[in-house]
Amino acid sequence: MKLFEILITLNKLLELGRSRKVPIRKDWESVKDSIMYQAVLKKFQTHDSLKEILLSTGDQDIIEDFIIFCFFYTNWILCIF
């Protein structure tokens, strides 16, 4: 998959997550941290290369690089905050 295709897919996922066309769980606010934790844990358990990169950071702070998304998406407010 090319970078452009990945960004288009991510954009669709972001739009879906912000949309209420698909209703969210009634208990989402109380369960979302646990669900997201399990998803990230599974990602690193499943992909050894990602796990190696994560472990190689040691005790460094990890900062999400969201600026590339700001270039492609029109929701600039996310970049400000």
Can you tell me how much longer the chain between L50 and I62 gets when fully stretched, taken as 0.36 nm per residue apart minus their C-alpha distance, in nm with one decimal? 3.0 nm
Stretched fully, the stretch from K42 through S19 gains (0.36 nm per residue minus C-alpha distance, one decimal, in nm) 5.7 nm
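Just so you know, all these numbers are worked out from the coordinates, no wet-lab data involved. This structure is a prediction, so every number in the text was calculated from the model and none was measured.
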